[in-house]
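Chemist: Supplied in structure tokens, the structure appears directly below.
The values are calculated or read from the model by the stated rules, or taken from the named source; none is laboratory data. Note that the structure is a prediction, hence the values are computed from the model and not measured. We work out accessible area using only protein heavy atoms, side chains counted, and drop any ligands, DNA or RNA first. Shrake-Rupley method; radii C 1.70, N 1.55, O 1.52, S 1.80 Å.
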Amino acid sequence: NLPLTEDEVPRVTVEEAKAALESGAAVIVDVRDPAQYEKSHVAGATSIWLDEIEANPTGLNLHKDRWIITYCT
């Protein structure tokens with residue numbers, strides 16, 4: 001049930017993402033390249049490069065029972 005297009009990807013506000021992370025309902029994934037992640041990232045975010053996600057979206061080592069929120073900026 002993965003989105004097929006960018007338009008199908010649900011969007012959340014920063015406040016919704018923060019609340020979900022703090023409650024343990026979500027994991028935050030930074031999809032930028034590792035160098036960008038090292039420069040700065042959301043506290044508590046996991047780094048998984050977008051290329052990895054695109055290559056094997058169902059094989060990622062993530063808590064699949066939690067909401068997975070990605071960001072790239």
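Chemist: Tell me, what HN-Hα J-couplings in whole Hz come from the Karplus equation 6.51 cos²θ - 1.76 cosθ + 1.60 at θ = phi - 60° for each residue of the range 65-73, using x for Gly and Pro?
Modeler: Result, rounded to whole Hz: 8, 10, 5, 9, 10, 9, 8, 9, 10.
Chemist: Still on this structure: Per the 1.4 Å probe, what fraction of the accessible area of the chain, in percent, lies on carbon and sulfur atoms?
Modeler: Here it works out to 54 percent.
Chemist: Alpha carbons only, please: Rg and Dmax for the chain, in angstrom.
Modeler: 12.1, 33
Chemist: For every helix of n ≥ 4 consecutive DSSP H residues, a contribution of -39,500 (n - 2.57) applies; sum these over the chain, divide by its total residues, and give [θ] at 222 nm rounded to the nearest 500 deg cm²/dmol.
Modeler: Mean residue ellipticity, 222 nm, calculated: -7500 deg cm²/dmol.
Chemist: Let me ask something else. Would you mind checking which residues have amide H under 5 Å from Thr70's amide H? H placed 1.01 Å from N; only 5 or more apart, or other chain.
Modeler: Val29
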